[in-house]
Each structure stands twice: as C-alpha cells, then as structure tokens.
Amino acid sequence: MDIIAFLLFFHYIGSMTVTLQVHKIPKILAWKGLIGSKPQPILFKTRFGIHTIGVRYPIDVIILDRKNIVQKIKEGLQPNSLFFWNPSFNKVVELPHGTIKDKKLKINQKIALEYI
C-alpha cells in the first residue's frame, strides 16, 4: 500500500459516523451530570470542564464541536476527578465506562446524536 492509499484509508476510517443514543439534559441541570444516577449516556452543554465528585463509578467522556466532531476523549474518568478541555467546545457526552472502546470512538470522528 503506498502512502497516498494509506492516507485516504486513514481519512475514510476517521470520517465514519458513529450514532450514540443520549439523554439530553437541560442547561439548568447540567451541573448535576450523572451525580446520584445510574450509568447512562447523557448530553449537556458546559464550557471548560466537569467533575465526578459524587459519581460512584468511572465514566467515559467525549467533547464535541458544533458539528458533532469529537475533539477530546477521556476513557474511565474516575470518581472524584476533574476533566478540562478547550472552552471553545461546549458539548459534553458522558457515557457508561467502556463505551469509547466498544464504539471505537476516535478524535475527529463524526457523532450522530439520537435523543432518547
């Protein structure tokens, strides 16, 4: 495989869209996230960072841009931890631990959000 074919293949793999089913959380409840609830996929908007103080289990987190392209990934964010990112991105998806690995999510990957 020559370098051009490899780069085209890499671009194709990175551009495949993955669909995630999420619960959309109102902005007024974004501070709560998954605190006190069972692991479930949720979407909310906030800038700069999140914490897992009060969450009793590890979670996966992805940060999306306006076009739902993955900009940052954190697998297995432990309870009582902090996670920060570039504040120009404000879409946060908190997922049950293992979702990033199971769905093979990558940086620059397009995500289709399906609200449940």
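To keep it simple, each residue is scored yes or no on (1) at pLDDT 90 or above; (2) surrounded by 14 or more Cβ atoms within 10 Å (Cβ to Cβ); (3) not aliphatic (A, V, I, L, M).
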{"position": "Leu20", "(1), (2), (3)": "yes, yes, no"}
{"position": "Ala30", "(1), (2), (3)": "no, yes, no"}
{"position": "Gly33", "(1), (2), (3)": "no, yes, yes"}
{"position": "Asn68", "(1), (2), (3)": "yes, yes, yes"}
{"position": "Gln71", "(1), (2), (3)": "yes, yes, yes"}
{"position": "Gly98", "(1), (2), (3)": "yes, yes, yes"}
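Evaluate the following for Lys91: is it of a type outside the set (Val, Ile, Thr), under 20 Å from Asp102 (Cβ atoms) and surrounded by 15 or more Cβ atoms within 10 Å (Cβ to Cβ)? Judged against the criteria, Lys91 is not a match. Based on this model, can you work out whether Ile42 counts as surrounded by fewer than 16 Cβ atoms within 10 Å (Cβ to Cβ), among the hydrophobic types (A, V, I, L, M, F, W, C) and modelled with pLDDT under 95? Spelling it out, it is not the case that Ile42 is surrounded by fewer than 16 Cβ atoms within 10 Å (Cβ to Cβ), among the hydrophobic types (A, V, I, L, M, F, W, C) and modelled with pLDDT under 95. Count of segment 45-65 residues, restricted to those that are of a type in the set (A, V, I, L, M), outside any strand (DSSP E or B) and at pLDDT 95 or above, is 0.
Determine whether Glu114 is among the acidic types (Asp, Glu), in a strand (DSSP E or B) and modelled with pLDDT under 95.
yes
Please work out if Leu82 is surrounded by fewer than 17 Cβ atoms within 10 Å (Cβ to Cβ) and free of Cβ contacts under 8 Å to residues at least 40 places away in the same chain. Spelling it out, Leu82 is indeed surrounded by fewer than 17 Cβ atoms within 10 Å (Cβ to Cβ) and free of Cβ contacts under 8 Å to residues at least 40 places away in the same chain.
The values are calculated or read from the model by the stated rules, or taken from the named source; none is laboratory data. All values reported here derive from a predicted model rather than from experimental measurement. Positions of Cβ are generated from backbone atoms using ideal geometry, with glycine treated the same way; all protein chains shown enter the neighbour counts.
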